[in-house]
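Here the structure is laid out as structure tokens; the discussion comes afterwards.
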């Protein structure tokens, strides 16, 4: 059973999400919060698998709440949901440690799929989002100082095998495991093993953070 915590200052929105998610046989909403401070506290108390997080909330907003949650030990995956399709929210959410980003205009099916994707340890990185990440972090002026500017070598990259580096480049281009497998003429299970090893060696949680790291460090350049 996937345990979900809802954090949104609008009670009607939380109720709608609860109805959608609780209707699934493998998902259970275990708690709700109307602000980021309470949400980050409940994330520690309830230990959910996934937190559905609004951005604009009173007291503590969703971005700061995400930072607090991710800073904990064994944090849950955070799915940021917002009504605003703005790049600043997207990149602030990624920098805060979110594993997925979804607009509230998404369909109920997309919400359910997103929760399941994050619960199994993957990340919700649609091709359109990947292109925006590449455009942002693939240029020198888009790099962030908090994790090394583009071109700053990450010594952990040297721990990757030749095959892992090859997989990493394709992953950073936004390819799925199936597409990487087809590109390299290997099985999808083999690719999944390589991706898991890459994430472990780089010390990142998921594919989203791996893509950001690839462009920030200059491991791969924007096309």
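Just so you know, all these numbers are worked out from the coordinates, no wet-lab data involved. Since we're looking at a predicted model, the values are computed, not measured. Every residue, glycine as well, gets a Cβ built from its backbone with ideal geometry; the counts of neighbours run over all protein chains shown.
Compute the acute angle (0 to 90°) between the alpha-carbon long axis of helix 127-137 and the principal axis of greatest extent of the alpha-carbon atoms of the chain; round to the nearest 10°.
Relative to the chain, helix 127-137 is tipped by roughly 70 degrees.
Label residue 13 and residue 59 with points 7 Å out from Cα along Cα→Cβ: what is the distance between them in nm?
With each label point 7 Å from Cα toward Cβ, the separation is 1.6 nm.
If the elastic network links every pair of Cα atoms under 10 Å, which of 118, 171, 46 fluctuates the most in the Gaussian network model of the chain?
Judging by the Gaussian network model, the answer is 46.
To make sure I understand, if each residue's beta carbon is the centre and we count other beta carbons within 10 Å, what order do 89, 185, 215 fall in, fewest to most?
Final ranking by Cβ density, sparse to dense: 185, 89, 215.
In nm, to one decimal, how far is the modelled label at residue 23 from the one at residue 105, with both set 7 Å along Cα→Cβ?
2.2 nm
Helix-derived [θ] at 222 nm for the chain: sum -39500 (n - 2.57) over DSSP H runs of at least 4, divide by residue count, nearest 500?
That calculation yields -15000 deg cm²/dmol at 222 nm.
Can you tell me the orientation of helix 207-216 relative to the chain, as the angle in degrees between its alpha-carbon axis and the longest Cα principal axis, to the nearest 10?
That works out to roughly 50 degrees.
Pop the C-beta distance of residue 87 and residue 120 into the FRET formula with R0 = 22 Å and round what comes out to the nearest 0.05.
Result of the calculation: an efficiency of 0.20.
How big is the stretch 145-216 on each of its three principal axes, counting only the C-alpha atoms and giving the largest first in Å?
37, 21, 19
Can you put 217, 66, 105 in order, fewest other beta carbons within 10 Å first?
105, 217, 66
If all Cα-Cα distances of the stretch 2-124 are sorted into 5 Å bins from 0 onward, what percent lands in each bin, rounded to whole numbers?
Per 5 Å bin, starting at zero, the Cα-Cα P(r) for the stretch 2-124 comes out as 2, 13, 26, 28, 22, 8, 1, 0 percent.
Give me the angle, in degrees from 0 to 90, between the Cα long axis of helix 188-202 and the longest principal axis of the Cα atoms of the chain, rounded to the nearest 10.
Its long axis makes an angle of about 90 degrees.
Please compute the alpha carbon radius of gyration of the chain, then divide it by the globular-protein estimate 2.2 N^0.38 Å. Two decimals is fine.
Normalised Rg, Cα atoms only: 1.01.
With the crude spin-label approximation of a point 7 Å out along Cα→Cβ, what separation in nm comes out for residue 176 versus residue 196?
2.0 nm
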